[in-house]
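Inspection log for the structure reproduced underneath, given as structure tokens.
The values are calculated or read from the model by the stated rules, or taken from the named source; none is laboratory data. Computed from a predicted model, the values in this text were never measured in an experiment. Note: ideal-geometry Cβ built from the backbone for every residue, glycine included; neighbour counts use all protein chains shown. Side chains included, ligands, DNA and RNA excluded: accessible areas come from the protein's heavy atoms. Shrake-Rupley method; radii C 1.70, N 1.55, O 1.52, S 1.80 Å.
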Amino acid sequence: MFNVDERKNKLQILVTSIDEVHDESLKIHQDAVISRIDLDKDNTFSYNLKSENHGVYVMTISGEVIINNSLLNSRDAIGVSETNTFEIHSKEDTSLLFIEVPMLF
């Protein structure tokens, strides 16, 4: 269903809330966004959260990245919250999974 080429150096939205307008995503009854990206080596990507009340769990499927001065290798993960945006710098070709959910209710 999802074309791998559509996440090359850009965010590919996989799953969203049934209330969101993302025609090509799978729908769930939760305020959540699940997405992927495949970054080329030495690339920088800015992830924008829905709001400062959301947090995102970032899992490195493969590769090596720096997020908030933390080095993540394959199968490492980090949680990011209390911000609207953060930068990801790939040190090698990298595949990432993002799970964004509300942190405050």
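Approximating the spin labels as points 7 Å out from Cα along Cα→Cβ, the Asn43-to-Ser81 distance works out to 2.9 nm. Relative to the Cα centre, the charge distribution of the chain, modelled as +1 at Lys and Arg Cβ and -1 at Asp and Glu Cβ, gives a dipole magnitude of about 160 debye. Across the range 77-90, coupling constants 3J(HN,Hα) worked out from phi with the 6.51/-1.76/1.60 Karplus curve, θ = phi - 60°, read 8, 8, x, 10, 8, 6, 8, 9, 7, 8, 9, 10, 10, 8 Hz, and Gly and Pro carry x. Straight-line cross-link reach from Lys27 at under 29 Å between alpha-carbon atoms covers these lysines, not counting any fewer than eight positions away in the same chain: Lys8, Lys10, Lys50. For the chain, give the percent of accessible area contributed by carbon and sulfur heavy atoms, probe 1.4 Å, rounded to a whole number. Taking all protein chains in place, the chain shows 48 percent carbon and sulfur surface. Looking at the calculated P(r) for the chain, what percent of the C-alpha pair distances fall above 23 Å? The calculated P(r) of the chain puts 24 percent of pairs beyond 23 Å. The candidates Phe2, Phe86, Phe45, arranged from most to least accessible area with a 1.4 Å probe in the full protein assembly, appear as Phe2, Phe45, Phe86. Rounded to the nearest whole Hz, the Karplus-based 3J(HN,Hα) values (6.51 cos²θ - 1.76 cosθ + 1.60, θ = phi - 60°) of the range 96-101 follow the sequence 10, 10, 10, 10, 10, 9, with x at glycine and proline.
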